[in-house]
1. Give me the Debye-computed log₁₀ of I(q)/I(0) at q = 0.12 Å⁻¹ for region 2-129, equal point scatterers on Cα only, no solvent, two decimals.
2. Which helices count as membrane-span-like in the chain under these terms: full DSSP H, at least 27 Å along the axis by C-alpha, Kyte-Doolittle mean of -0.5 or more?
3. Normalising by the residue count of region 2-129, find the relative contact order in percent from Cα pairs under 8 Å and 6+ residues apart.
4. Gaussian network model of the chain, Cα springs within a sub-10 Å range: biggest mean-square fluctuation belongs to which of 222, 284, 103?
5. Which whole-Hz ³J(HN,Hα) couplings does region 59-75 yield from phi under the Karplus relation 6.51 cos²θ - 1.76 cosθ + 1.60, θ = phi - 60°, glycine and proline marked x?
6. Calculate the spin-label point distance for residue 298 paired with residue 169, positioning each point 7 Å from the Cα along the beta-carbon direction, and give it in nanometres.
7. Report, by chain and number, residues whose modeled amide H sits under 5 Å from the one on residue 355, excluding near sequence neighbours (fewer than 5 apart, same chain).
8. Can you give me the Cα centroid spacing of region 1-27 and region 80-95 in angstrom?
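Any read-out appearing in this document is the output of simple, stated calculations on the displayed coordinates, not a laboratory observation. In this text, all values refer to a predicted model and were calculated from it rather than measured experimentally. We place every Cβ from the backbone using ideal geometry, glycine too, and count neighbours over all the protein chains shown.
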Amino acid sequence: MNGRLQRLRTRLHERQLDALLVTQPENRRYLTGFTGSAGTVVVTPERALLLVDFRYVEQAGREAPGLEIVPAKNRLEEDLKPLLREVGGRRWGFESTHVTVAQHEKLRPLFQEAGIELEGVEGLVEGLRAIKEPEELALVREAIRVTDEAFEHFLRWVRPGVTEREAAWELEKTMRENGAEALAFPIIVASGPNGAMPHHRAGDRPLQRGEPIVIDMGAVYQGYQADMTRTICLGEADGRFWEIYRLVRAAQERAEAGIRAGMPSAEADGLAREMIAAAGYGEQFGHGLGHSIGLSTHEMPQLSPRFHDPLPAGCTVTVEPGIYLPGWGGVRIEDVVLVREDGAEVLTRSSKEPLVVV
């Protein structure tokens, strides 16, 4: 944690900030190790303070021993008053993508009274989180292992007639039994026409032979997340399924073979998008190729035509092209990869063979 705080302090110096208020939950955990659901971190060039209420004082002391634990007794703007006098400075930053307008309206007069400029900033901590440390990468790998093993069990368990909801529960139950502390997101089981909706919620539709079934799932292990999608078919598949499936898989393989550190995000996205568009399905691939993953399911950088920043070595991103046809269904295949200087290492190990013998 000390190394992370020092890197953040370097960024504060570059932005000429005397302190930063950290309220975003994953950023708070990243900087302190504190896993509670509420708290505010104040980082200055010399100090790091964690403000928590009575519920979390003991927990904060155990999980964040290197920080000054400040018991919070009132609203944030009231608890900050003595700290503003004590810490001082000319310019403080706050996380503008997390603080609400209402919260800002309460904080602004407090800082004005203290003669301190309050400036909204974006991405200071998120930029640090993009590059995974070895310990973080180990936790991501473990979350992926739990996810992979649950999917392997599912392929032996699944059969026609079970509902999407029953299938999602089997996946969740298996992940939790194998070490997951939570789900990264609600599991998607989208059968038949439901697969045309990329974020369909599992319902009561029975799984049927011969139709595409999109399964999107991910375990959380010690805070770090996995994200994996496979598209399967129970029994034999028709020609349309094979056309779409082989195209999506080829596009994904092209992207995974071509991604490397330093490549602009939009260029990485284009590796798969160009192939899908050339086959006539460009309009049916309506989302980005992927996103970074770690303490959150969706982190920066994003693999999308809208982003052009270079991919840093050491980031973990998903590669998930898809094609979605209303009335028929969809096909999406997703892995987590580690971006290296010389290419991408595929971390997800689940089978990509789509046919399930039933």
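1. For region 2-129 at q = 0.12 Å⁻¹, log10 I(q)/I(0) is -0.40.
2. Correct list, ordered by number: 134-157.
3. Once divided by the residue count of region 2-129, the mean separation gives 26 percent.
4. Result: 103 has the largest fluctuation of those listed.
5. Calculated HN-Hα couplings, in order: 4, 4, x, 6, 8, 10, x, x, 9, 7, 8, 10, x, 8, 10, 10, 5 Hz.
6. It works out to 2.9 nm between the two label points.
7. 233
8. After rounding, the separation between the Cα centres reads 14 Å.
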